[in-house]
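Here the structure comes first, spelled out in structure tokens, and everything after it is commentary.
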Amino acid sequence: QVQVVESGGGLVQAGGSLRLSCAASGRTSSSYFMGWFRQAPGKEREFVAAVRWSGDNTYYADLVKGRFTISRDNAKNTAYLQMNSLKPEDTAVYYCAVVIPAGSSWISLGSWGQGTQVTVSS
């Protein structure tokens, strides 16, 4: 089973930037994706972005398009989420997971990490 560990969260002012990292361990496949999700207080977890483990396929939620960039380093089994032009509404716990697409949703193939808190002040 694939396990992941997120890092890189913190407190930033609106308009600022952060880069999150997600280190994966365990067996992966070129058909898998690394996905980032987030959960704000009182809300359900929502999809943010995903990148295929091989190739250039990337997917973004409309709310973050043009501001966030997902990338990966296969040699390090690590995915990154570069977040620019952050807004207070981006405040949430950010989680990563190894996922596969399922229609309009995503299925996690391993355990979720502990998440990393991102707080954007106005």
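The values are calculated or read from the model by the stated rules, or taken from the named source; none is laboratory data. All values derive from a computational prediction rather than experimental measurement. Counting neighbours? That spans all protein chains shown, and the Cβs are built from the backbone with ideal geometry, glycine included. Ligands, DNA and RNA are stripped out before the accessible areas are found, and what is left, the full protein with its side chains, is counted by its heavy atoms. Shrake-Rupley method; radii C 1.70, N 1.55, O 1.52, S 1.80 Å.
Residue by residue through segment 89-102, note down the ones that are open to solvent by less than 50 Å² (accessible area, probe 1.4 Å), assigned to a strand (DSSP E or B) and in contact (Cβ under 8 Å) with a residue 40 or more places away in the chain.
Ala92, Val93, Tyr94, Tyr95, Cys96, Ala97, Val98, Val99
Scan segment 27-36 and give yes if some residue there is in contact with a helix residue (DSSP H, G or I) (Cβ under 8 Å, 6 or more places away or on another chain) and either open to solvent by 50 Å² or more (accessible area, probe 1.4 Å) or closer than 21 Å to Gln114 by Cβ (or both), otherwise no. Before you say what the answer is, go through the steps one by one.
Initially, segment 27-36 is screened for residues in contact with a helix residue (DSSP H, G or I) (Cβ under 8 Å, 6 or more places away or on another chain), giving none.
Within segment 27-36, not a single residue is in contact with a helix residue (DSSP H, G or I) (Cβ under 8 Å, 6 or more places away or on another chain) and either open to solvent by 50 Å² or more (accessible area, probe 1.4 Å) or closer than 21 Å to Gln114 by Cβ (or both).
For Ser121, only one of the following conditions fails: (1) of a type in the set (Gly, Ala, Ser); (2) open to solvent by less than 70 Å² (accessible area, probe 1.4 Å); (3) out of contact with any Pro (no Cβ under 8 Å at 6 or more places or on another chain). What is its number?
(3)
Between Gln82, Gln114, which is within 12 Å of the chain's Cα centre (by Cα) and on the phi < 0 side of the Ramachandran plot?
That would be Gln82, the only listed residue that is within 12 Å of the chain's Cα centre (by Cα) and on the phi < 0 side of the Ramachandran plot.
Out of the residues in segment 1-51 meeting the condition of being aromatic (Phe, Trp, Tyr) and at pLDDT below 95, tell me which one is nearest to the chain's Cα centre (by Cα).
Phe33
Please state which of the following conditions Ser111 fails to meet, knowing it meets all the rest: (1) of a type outside the set (A, V, I, L, M, F, W, C); (2) part of a strand (DSSP E or B); (3) under 28 Å from Leu11 (Cβ atoms).
(2)
Could you tell me which of the residues Ala40, Ala49 is open to solvent by less than 20 Å² (accessible area, probe 1.4 Å) and among the small types (Gly, Ala, Ser)?
The match here is Ala49.
Those residues that are modelled with pLDDT of 95 or more and of a type in the set (S, T, N, Q), I need them from segment 98-121; list them, please.
Matches in segment 98-121: Thr116, Gln117, Thr119, Ser121.
With segment 38-88 as the region, which strands (runs of 3 or more DSSP E) entirely inside it contain at least 1 residues that are closer than 18 Å to Thr116 by Cβ? Write out each step before concluding.
Working: elements: 46-52, 58-60, 68-73, 78-83.
Here the list reads 46-52, 68-73, 78-83.
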